[in-house]
Each structure stands twice: as C-alpha cells, then as structure tokens.
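The structure appears below as structure tokens.
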Amino acid sequence: MFRPLILYIGLRYTRAKRRNHFISFISLISMLGITLGVTALITVLSVMNGFEHELRTRILGMTSHATISGYGAPLRNWPEVAGLARRDARVLGAAPYIQKEGMLIEGQRVNGALIRGVLPAEEPAVSDVGDKMLSGRLADLTPGDYNIILGVDLARILGVTVGDKVTLVTPSANVTPAGVLPRLKRFTVSGLFEVGMYEYDSALALVHLDDAAILFRMPGEVSGVRLKLEDMFRAPWVVRELAQTLPGSYMVSDWTQQHANFFRAIRTEKTVMFVILSLIVAVAAFNIVSTLVMVVTDKKTDIAILRTLGLSPRGVMGVFMVQGTVIGFVGTLFGVIGGVLLALNVETIVPAIERMFSVQFLPADVYYISTLPSRLNGADVVRIGLLSFLLSVVATLYPAWSAARTQPAEALRYE
C-alpha cells in the first residue's frame, strides 16, 4: 500500500471526482488566483528592479560616482587633486569639469541648458557620453574652435543639427558704455548624443574645458574633479577617505547624496508594491479556506469512517492539510513559472503590444525611461514562492482542525 496513509488519502481527495462540482470549481479558482498573484508579483518586482538598475546606470553614466570641488570657490589646483585621486586603487578615473547654466538660442527658439566644459581625452574615464554619440565625436571639441555637442532632444527643440550654429548666453555680463550686456558666444554644433534619459538629452550641452573657462571667466579654474570608482556603492566612504589625504580644504559629494531621495523613493515604492501585491496572493491563498470547509462538510461521513477505523484526529487534520497544500503548491509552481517567463520577456512583449495598438506606454518627454526594462532577481522569486506556499499552508489550518474535531457518532447518526 502507498505510504504514508495520510498523504495517500489527501492526494486521493485532491484528484478524485467529487459529487459537488462547485467545490472543484472553487479549488480551481483558488489555484488560478495564487498563480496570477505570484505571476503579477514576480513581474512587477522584476520591472521595478529593471527601472532602478537602468536609472542608476544612465544617471551615473552622465554624472559621476563622486565629486571633489573647492570649498566655497572654484578649484584651482585640479591637476594635483586629479593626480592624487588616480593613485588610489579604488579610483578608476578622474576628470575636471566646469558646469554652469546658460541659454541656447537659434533664431526664434530659446532653451535653457546645462553647459558642461570637459576635456575630451579625460571624459571617457568618468562618463559614458562618448559611447552615446549619434554623430560626431568628443574629440571634435578642440580648444578655440568653440564647438558644442548637444543632447538629441535639445537639438530637436532648437531645430539644429551637426554643422549649424547656436548662440550661447551666459548669466555673467559685460559692463560696457552702453550698459550691462549679457555675454554671448556663437558655437558650432559638432555632435549629438543620446543617453536615453530625457532629463539629459533635452538639457545638457558639452563644450571644451578651455572654451568654458574663457566663457565663464574661470582661467585656470574648474568647478571640480569627477571620479569614477571601482565600487560605486562604496562611494561615500572612499571619497571622504580620499579628501582627508588631499592638502587643503575641499567639498566632497557622491551619487548617494545627489540622488538619495530619488533612489530612496524607488526602494519605498518597491516595498509598497510588494506588500500590496502580496495581499492579492493572500486573498487567493485564503480561498483555500472556503474550499476546504466545503470539502470537510462534504466528507464528514468519510471522516467518521476513517476515525472508526483508527485514524487519529491528527491524521484527519493531516489529510486535509495535504489537500490544501497541494492546491497552494501547484498554484505557486505555475505562478513562479509564469512570472519568470513573463519577466524575462517583458522587453519583447511590451514593444509588440505598442506596435500592435499604436500606443506608447512611457512617452520619453514624460518619463525618465521610454522603455520598460526588466531585471529578474532570483532572491525575489524565492521569497515570493516561499511566501505564497506559506500562506497556502496557513490557510489549511482552520478547516483541517475543524475536520479533526468531527465526532464519528454525530456524523454517522443519520447514515
């Protein structure tokens, strides 16, 4: 005979054809509910993981892991600071920059922009902008030629392309006999870049460091030195230790300070979504309670006979726990499989739906990212699977306990 007996009877009840087809229907609904809940939870968390990873990659690809700047003034001895920083084994690259705000004008079109002066030879060590060029190269930024590289959306707003001229207006002014006049300079567009974030593609412009120093009246000075670190998650500690080894007083900052609220909001949202979607799984799991209550009512005669044959109350309880656990296990298993498959194919499915219905779920001018990324995390899958299965087991306790309290004489009185 199949052993153990409790498992055998529980599995037999699970697969047996019941007289009451409504019970079978409720069991199927419970299983499908768990499957859909687990699938949704895995998919949503994977998409949120993808968003967090993509945003961090794109933001840090354009900013920096850490920055060292002058204390209340521009940084003068930047070659010494950059040289000392590069000696640290944890620093992969260091590059100076000048960053100011300005306005770009072309004809009747005007748009604010963040002007960043860079050294083309040094910039690839701290940012990925060189790899995001649609046309032109960073090397086209040569001192004295007053070339400028624009984000693709900024160029579209101004209606310019490579080879066109734009006028840069700076906040500083010239005092002339005619009065105070803003500083203007004509630049030639030498390249376009696209990083995939509207915030940068529509507002960032790159010029040569020497041209920026002349334009913003910062001879021999820079705004600071940007650093790229081996481990960006160690940035707060590395940059502070590095600043202590440098002569003089400096201000240090890292990406966790500059974007702390943003990434904290993403983590909070992820936690809230996990709790909300877990409630969906919990509701589906506790449908097992109603299923098993009806099964216990339907099987009271069987329970009484099993008790008279010597099956203990604990054994009866085990029979119905097996039945509910099987429902939860099967629902969780199919939910995990469905969630993993969906999470791995989100980046293919969503564009197909957008093309089919001619819609765009994430417009680039509204959202940071215009695509729907997905990053499957094995730890999330395990945690969700265990949570779903545990809730299913907990849902079986009351009906199983109720079955174990069935008195054989009461159940067989009218049989």
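The values are calculated or read from the model by the stated rules, or taken from the named source; none is laboratory data. Values in this document were obtained by computation on a predicted structure and should not be read as measured data. All Cβ positions, even for glycine, are placed from backbone atoms using ideal geometry, and neighbour counts span all protein chains on display. What goes into the accessible areas is simple: the full protein's heavy atoms, side chains included, and nothing from ligands, DNA or RNA. Shrake-Rupley method; radii C 1.70, N 1.55, O 1.52, S 1.80 Å.
Quick notes on this structure:
Okay, residues lined up against (1) of a type in the set (Val, Ile, Thr); (2) buried (at least 19 other Cβ atoms within 10 Å of the Cβ):
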residue: Ile29; (1), (2): yes, no
residue: Ile34; (1), (2): yes, yes
residue: Val38; (1), (2): yes, yes
residue: His53; (1), (2): no, no
residue: Arg56; (1), (2): no, no
residue: Ile98; (1), (2): yes, yes
residue: Gly102; (1), (2): no, yes
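- Residues in region 96-140 that are β-branched (Val, Ile, Thr) and not in a helix (DSSP H, G or I) were compared, and the one that is nearest to the chain's Cα centre (by Cα) is Val126.
- Going through (1) outside any helix (DSSP H, G or I); (2) within 25 Å of Asp201 (Cα to Cα); (3) free of Cβ contacts under 8 Å to residues at least 24 places away in the same chain one by one, Gly310 falls short only on (2).
- Among (1) closer than 19 Å to Val195 by Cα; (2) in a strand (DSSP E or B) - the single one Ala155 does not satisfy: (2)
- Count of region 305-356 residues which are touching a Phe, Trp or Tyr at 6+ places or on another chain (Cβ under 7 Å) and among the acidic types (Asp, Glu): 1
- Only listed residue being over 27 Å from the mean Cα position of the chain (by Cα), open to solvent by 40 Å² or more (accessible area, probe 1.4 Å) and not hydroxyl-bearing (Ser, Thr, Tyr), chosen from Glu230, Glu241: Glu241
- Pairs are defined by a Cβ separation below 6 Å, a sequence spacing of at least 6 or placement on different chains, a first member in region 341-364 that is in contact (Cβ under 8 Å) with a residue 60 or more places away in the chain, and a second member that is of a type in the set (Ser, Thr, Tyr) and open to solvent by 40 Å² or more (accessible area, probe 1.4 Å); the pairs so defined are Ala364/Tyr198; Ala364/Ser370.
- Boolean, Met321 is assigned to a helix (DSSP H, G or I), farther than 27 Å from Arg383 by Cβ and of a type outside the set (S, T, N, Q): no
- Residues satisfying the criterion are present in region 371-379 (criterion: among the charged types (D, E, K, R) and open to solvent by 60 Å² or more (accessible area, probe 1.4 Å)).
- Only one entry of Pro219, Pro247 meets the criterion of being open to solvent by 60 Å² or more (accessible area, probe 1.4 Å), modelled with pLDDT of 85 or more and not acidic (Asp, Glu), and that entry is Pro219.
- Residues satisfying the stated conditions in region 187-201, i.e. buried (at least 18 other Cβ atoms within 10 Å of the Cβ) and either assigned to a strand (DSSP E or B) or of a type in the set (D, E, K, R) (or both): Phe187, Val189, Ser190, Gly191, Leu192, Phe193, Asp201
- Ala89 being within 29 Å of the chain's Cα centre (by Cα), in contact (Cβ under 8 Å) with a residue 40 or more places away in the chain and open to solvent by 10 Å² or more (accessible area, probe 1.4 Å): no
- For Gly163: the one exception among (1) open to solvent by less than 40 Å² (accessible area, probe 1.4 Å); (2) farther than 21 Å from Ala212 by Cβ; (3) modelled with pLDDT of 90 or more: (1)
- Subset of region 267-321 [closer than 17 Å to Met31 by Cβ, hydroxyl-bearing (Ser, Thr, Tyr) and open to solvent by 40 Å² or more (accessible area, probe 1.4 Å)]: Ser290
- Elements of type helices (runs of 4 or more DSSP H) in region 234-303, at least 3 residues being of a type outside the set (D, E, K, R) and touching a residue at least 40 places away in the same chain (Cβ under 8 Å): 235-245, 260-298
- Of all residues in region 29-81, those satisfying the criterion of being aliphatic (A, V, I, L, M) and in contact with a strand residue (DSSP E or B) (Cβ under 9 Å, 6 or more places away or on another chain) are Leu60, Met62, Ala66, Ile68, Leu75, Val81.
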